[in-house]
Amino acid sequence: MANTVQSEKRARQAEKRRLRNQPLRSRFRTEVRKAREITVSDNAEEKKKTFIAMQSMIDRTVSKSILSAGTAARIKSRLNKAMRQTPSAKQPIKAEKPAPPPPAPATQPTENAQEA
């Protein structure tokens with residue numbers, strides 16, 4: 001129990017903050033769970049919309065001090081990685097690299113180069 005006036009006040013403030021943050025934290029966790037369920041679908045457009053919405057929600061929770069910045073970055077990174085994987089093979093979707101240009105033809109020495 002709090003022993004001083006200051007510690008009593010801090011306990012009251014902490015309880016108010018906990019009650020205010022609890023529903024926000026719960027809603028955040030529910031949305032993350034739903035987003036993870038969407039990662040197994042084949043619908044790329046739905047994945048993209050969900051990821052953009054989740055990024056916004058994660059940033060809002062950081063601004064309200066419900067999540068720390070590092071935790072938010074880790075969640076976004078893992079969610080992005082899961083969204084980029086195909087549901088069947090669980091292999092990342094990679095963009096095809098363009099073919100490398102053909103090698104330049106070998107140059108033959110000119111007459112001036114042989115004289116020098």
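For LYS90, are the conditions met, namely being modelled with pLDDT of 85 or more, of a type outside the set (Val, Ile, Thr) and within 19 Å of the chain's Cα centre (by Cα)? Step through it out loud before you land on a result.
Details: modelled with pLDDT of 85 or more: no; of a type outside the set (Val, Ile, Thr): yes; within 19 Å of the chain's Cα centre (by Cα): yes.
No.
Quick one: is ALA35 small (Gly, Ala, Ser), over 17 Å from LYS81 (Cα atoms) and at pLDDT below 95?
Working: small (Gly, Ala, Ser): yes; over 17 Å from LYS81 (Cα atoms): no; at pLDDT below 95: yes.
The answer is no for ALA35.
If a residue has to be closer than 13 Å to MET57 by Cα and either open to solvent by less than 50 Å² (accessible area, probe 1.4 Å) or touching a residue at least 12 places away in the same chain (Cβ under 8 Å) (or both) to count, how many in the range 11-29 make the cut?
The initial filter retains those residues of the range 11-29 that are closer than 13 Å to MET57 by Cα, namely 24-29.
Still in the running and either open to solvent by less than 50 Å² (accessible area, probe 1.4 Å) or touching a residue at least 12 places away in the same chain (Cβ under 8 Å) (or both): 24-25, 28.
Going through the range 11-29 one residue at a time, the tally reaches 3.
Within the range 42-87, which residues are open to solvent by 30 Å² or more (accessible area, probe 1.4 Å) and outside any helix (DSSP H, G or I)?
Across the range 42-87, the qualifying residues are ASP42, ASN43, LYS64, SER65, LEU67, SER68, GLN85, THR86, PRO87.
Condition check: open to solvent by 60 Å² or more (accessible area, probe 1.4 Å), modelled with pLDDT under 85, in a helix (DSSP H, G or I) and not charged (D, E, K, R). Does GLN114 satisfy that?
Values: open to solvent by 60 Å² or more (accessible area, probe 1.4 Å): yes; modelled with pLDDT under 85: yes; in a helix (DSSP H, G or I): yes; not charged (D, E, K, R): yes.
Against the criterion (open to solvent by 60 Å² or more (accessible area, probe 1.4 Å), modelled with pLDDT under 85, in a helix (DSSP H, G or I) and not charged (D, E, K, R)), GLN114 qualifies.
Listed here are the residues, each with its yes/no results for (1) touching a residue at least 60 places away in the same chain (Cβ under 8 Å); (2) touching a strand residue (DSSP E or B) at 6+ places or on another chain (Cβ under 6 Å); (3) under 30 Å from ARG20 (Cβ atoms); (4) of a type in the set (Ser, Thr, Tyr).
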residue	(1), (2), (3), (4)
GLU45	no, no, no, no
PHE51	no, no, yes, no
MET54	no, no, yes, no
SER63	no, no, yes, yes
GLY70	no, no, yes, no
ILE75	no, no, yes, no
LEU79	no, no, yes, no
MET83	no, no, no, no
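Restricting to the range 1-10, count the residues that are hydrophobic (A, V, I, L, M, F, W, C) and open to solvent by 80 Å² or more (accessible area, probe 1.4 Å). Outline the logic, then answer.
Of the residues in the range 1-10, the ones hydrophobic (A, V, I, L, M, F, W, C) are 1-2, 5.
Narrowing the set further to residues that are open to solvent by 80 Å² or more (accessible area, probe 1.4 Å) leaves 1, 5.
Total satisfying the criteria: 2.
The values are calculated or read from the model by the stated rules, or taken from the named source; none is laboratory data. Note that this is a predicted model, so its numbers are computed, not measured. Cβ: placed from backbone, ideal geometry, glycine included. Neighbour counts: every protein chain shown. Side chains included, ligands, DNA and RNA excluded: accessible areas come from the protein's heavy atoms. Shrake-Rupley method; radii C 1.70, N 1.55, O 1.52, S 1.80 Å.
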